[in-house]
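Enquirer: Below you'll find the structure I mean.
Bear in mind that the values in this text are calculations on the coordinates, not laboratory data. Quick caveat: nothing in here was measured; it's all calculated off a predicted structure. Glycine also receives a Cβ, built like all others from the backbone with ideal geometry; neighbour counts cover every protein chain displayed.
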Amino acid sequence: MEKRYANIKEVSAYTSLPVKTLYEWASIGRIPSIKLGRRVLFDLEDIDRLLASLKRDTGQCDRMANKILDDVHGSNYNAFCGHTDTISPGKGGEYV
């Protein structure tokens with residue numbers, strides 16, 4: 001049987017977040033928690049969902065960066081290669 005609930009130190013190790021941050025987030029309701037007397041427990045399924053919701057969409061960042069670079073360097077600029085994606089036919093297929 002898999003462990004479903006974890007104490008604050010275990011969640012800190014699981015998420016790499018400081019214990020102090022977890023206490024603060026639990027007290028303001030940013031992270032779901034269960035208070036049993038002086039103990040604070042966390043449902044690991046809730047923690048996984050929370051972390052998944054905080055994950056950044058890297059595709060969105062790439063699109064935004066390419067749009068900015070297109071505006072600066074002209075259309076078809078490739079941020080990863082540092083050149084436009086047009087090939088010069090007279091130079092042996094080299095990028096222009």
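Enquirer: Got a sec? How would Asp48, Asp43 order by Cβ neighbour count within 10 Å, fewest to most?
Expert: Asp48, Asp43
Enquirer: With a ≥ b ≥ c the root eigenvalues of the C-alpha gyration tensor of segment 5-54, is it rounded (a/c under 1.5), prolate (a/b larger than b/c) or oblate?
Expert: Here segment 5-54 falls in the rounded category.
Enquirer: To continue, here is another question. By counting other Cβ atoms within 10 Å of each Cβ, how are Asp46, Asp71 ranked from fewest to most?
Expert: Starting with the residue having the fewest Cβ neighbours, the order is Asp71, Asp46.
Enquirer: I need Ile8, Ile68 ordered by Cβ neighbour count within 10 Å, fewest first.
Expert: Fewest-to-most Cβ neighbours within 10 Å comes out as Ile68, Ile8.
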